[in-house]
1. In degrees from 0 to 90, rounded to the nearest 10, what is the angle of the helix A:282-293 Cα long axis to the longest principal axis of chain A?
2. For segment A:191-203, just list the computed ³J(HN,Hα) in residue order, Karplus coefficients 6.51, -1.76 and 1.60, θ = phi - 60°, integers in Hz, with x standing in for Gly and Pro.
3. Round to the nearest 0.05 the FRET efficiency obtained for residue B:92 and residue A:56 when R0 = 41 Å and r is the Cβ-Cβ distance.
4. Within segment B:62-96, name every residue whose backbone N is under 16 Å away from a label modeled 7 Å from Cα of residue B:268 along the Cβ vector.
5. Given the Cα-Cα distance of residue A:278 and residue A:71 and 0.36 nm per residue of separation, how much length would full extension add, in nm?
6. Along the Cα→Cβ direction, 7 angstrom out, place labels at residue A:229 and residue B:226. What is the inter-label distance in nm?
7. Can you list which of the GluC sites (Glu not before Pro) found in segment A:234-334 are DSSP loop residues with at most 15 other C-beta atoms within 10 Å?
8. Just tell me how shielded A:136-149 is by partners: mean number of partner chain Cβ atoms within 10 Å of each residue's Cβ, no decimals.
There are 2 protein chains.
Amino acid sequence: MVSLDPDDSVVVLAHERFPDRAKTAVGVLRYADYDVTAVLDRARAGEAVADHVPDVADAPIVGSMADALDAGADPDALLIGIAPIGGGFDESWRDDVRTAIEAGCDVVAGLHYFLGDDEAFAALAADHGVDLIDVRRPPDDLTVSEGRARDADADVVLTVGTDCSTGKMTSTLELVAAAQERGIDAGFVPTGQTGIMIAGWGVPVDRVVADFAAGAVERMLLDAAETHDVLFVEGQGTIVHPAYSGVTCSLLHGAMPDALVMTHSAGREAIHGYEDAAIPPIEEYVDLYESLAAPVAPAAVAAGTLDTRSFDDDEAARAAVEEYATAIDAPATDPIRFGADEILDALL
Amino acid sequence: MVSLDPDDSVVVLAHERFPDRAKTAVGVLRYADYDVTAVLDRARAGEAVADHVPDVADAPIVGSMADALDAGADPDALLIGIAPIGGGFDESWRDDVRTAIEAGCDVVAGLHYFLGDDEAFAALAADHGVDLIDVRRPPDDLTVSEGRARDADADVVLTVGTDCSTGKMTSTLELVAAAQERGIDAGFVPTGQTGIMIAGWGVPVDRVVADFAAGAVERMLLDAAETHDVLFVEGQGTIVHPAYSGVTCSLLHGAMPDALVMTHSAGREAIHGYEDAAIPPIEEYVDLYESLAAPVAPAAVAAGTLDTRSFDDDEAARAAVEEYATAIDAPATDPIRFGADEILDALL
């Protein structure tokens with residue numbers, strides 16, 4: 001679906017949001033098997049990826065697509081690496097997209113706004129023989145769930161969370177890698193734009209007709225279960241989100257998981273972007289997810305992950321993880337800092 | 001949006017499902033202000049509406065649109081009055097739709113399958129100068145919820161339920177009528193195809209992009225609050241539905257209601273169409289809805305409605321209502337049998 005292969009290289013657009021509010025950009029840097037030759041962030045031009053994100057291949061940060069090309073980059077694609085609330089296209093990105101198309105690059109985006117439906121971009125792309133790849137455009141043959149995910153011939157683990165951007169995709173990918181490290185045939189089920197860009201397949205569940213959201217999850221899961229023994233399903237949003245809780249609920253009931261992994265970001269006190277919506281106590285989330293799962297397909301929070309990037313030292317981070325484990329009454333880790341293997345036994 | 005006015009008359013298609021599995025047809029017969037001149041049900045041709053549905057204007061039941069016209073009907077529109085699981089178009093209805101268009105009738109449908117996108121129907125409608133009105137086609141300018149429904153300048157009551165087809169729309173409309181009867185400026189917020197056909201406005205929340213479902217509810221509510229003191233919001237599905245729970249969750253968090261009305265159908269033991277999904281005890285639903293509402297906008301189940309059509313005599317129905325009231329720990333009624341006024345005090 002996404003036409004990038006390991007030999008390709010991309011430029012990633014992340015204006016004014018890299019790295020902390022550019023989770024697609026960071027996800028691609030960390031997990032995609034193609035190369036990132038430059039990151040666009042006009043607020044950090046002249047800096048480098050390594051200044052901000054450790055443990056990934058370094059790349060320069062430049063101010064525009066034109067600057068990236070001037071510096072000698074010869075990418076196959078420009079990838080939109082940020083996703084503002086609402087998923088709109090920011091007109092300040094238009095020059096970069098136009099420059100990329102004119103330079104013969106495909107453009108890969110995960111916005112609610114489809115580049116392929118933008119007449120100016122579509123015409124320019126046709127002129128230059130490049131593709132506009134909107135990974136958030138769902139397939140047009142989806143339908144309602146039949147309530148059959150429990151028949152999937154695989155163990156199913158779903159990540160849930162206390163908010164958006166708590167590490168659901170990261171935790172899911174780290175769990176897949178840790179399981180594969182142990183020789184387990186584990187598969188990743190991507191449900192959001194970044195996961196789809198990384199994995200090259202998947203359905204953007206938040207972009208599906210609401211009635212078909214659970215059905216889309218069910219179909220992916222039944223398909224993936226044919227080739228894997230364990231499936232780790234990327235969760236979305238949170239069940240207490242004022243805007244996105246319906247998507248979270250559809251994932252929970254559509255996937256009918258055997259176990260849940262609760263993700264949280266240490267220190268987060270309010271729903272991101274909805275500052276008057278307080279984050280409830282962690283214990284309430286456990287009760288809520290488990291009691292909501294129970295009538296459809298019972299599942300317990302069997303492990304947790306905590307994003308501890310706000311702590312400088314490992315000792316304080318470890319203490320926060322232990323406190324979190326107590327709150328959810330299950331083993332926990334920070335998969336980036338301490339590895340996902342620590343919680344794998346609780347899930348398999 | 002729906003171009004029917006009180007002087008119009010319609011034929012309602014309900015093949016093989018009238019009346020018990022034709023909730024759109026029955027809703028329109030009971031609540032719409034335009035006339036129904038015939039119902040199409042090939043399994044009941046020769047019978048009459050009054051044989052099955054009391055307290056509505058009678059109309060003949062005939063086998064096809066051609067038969068309705070032969071019998072002298074001169075309708076302004078054919079209305080598709082049934083909604084199969086999945087919302088598809090049944091090819092056995094094609095002749096009726098074609099005949100209607102050729103007779104100069106508009107066609108009003110609430111299916112996921114849009115008649116306007118059917119090339120054969122679209123061409124025929126253009127030839128005959130009639131409209132194909134797909135009420136389930138959402139507006140194209142929706143976006144995410146801002147979490148602002150709590151600012152609505154109206155009291156908000158949302159119907160929730162133990163399953164689909166438990167009387168959420170009926171209860172909502174009966175509550176609006178009962179409140180208006182008391183001189184209260186009450187408004188109906190339609191969220192599904194039948195409610196939209198009856199009210200002539202509204203957004204089909206189940207057909208909206210999942211990320212925008214709560215936002216669609218929020219927008220309708222803020223709009224309607226400008227002209228009413230109390231809003232009764234039509235609920236959808238159930239929070240334990242294997243396919244549709246996400247829509248229910250989006251309604252709960254998008255509407256941020258002040259009170260909930262729990263609807264149930266007496267004797268229902270499994271989720272309609274998902275016979276291995278048992279209906280949990282009523283008490284569990286109360287806990288689930290209230291605990292899911294609490295972190296976003298607290299709301300209690302303040303009243304309930306029970307569909308008692310399975311009871312022949314009023315005494316047994318009254319006993320069932322009392323038992324149900326005890327289960328939800330709030331006043332209850334059957335709004336069709338005993339009136340909605342009985343529970344209004346608990347909601348206002």
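Read-outs throughout are calculated quantities, based only on the coordinates presented, and are distinct from any laboratory measurement. Model, not experiment: these values are computed from the prediction. In this analysis, Cβ positions are derived from the backbone assuming ideal geometry, glycine residues included, and neighbour counts consider all displayed protein chains.
1. 80
2. Once rounded to whole Hz, the list reads 10, x, 4, 5, x, 5, 4, 6, 8, x, 8, x, 10.
3. In this case the efficiency is close to 0.10.
4. Under 16 Å, as judged by backbone N against the label point of residue B:268, lie B:83-86 of segment B:62-96.
5. That pair, residue A:278 and residue A:71, stretches by 70.0 nm at full extension.
6. So the two model labels end up 6.1 nm from each other.
7. Answer in residue order: A:269.
8. Neighbouring Cβ atoms belonging to other protein chains average 3 per residue here.
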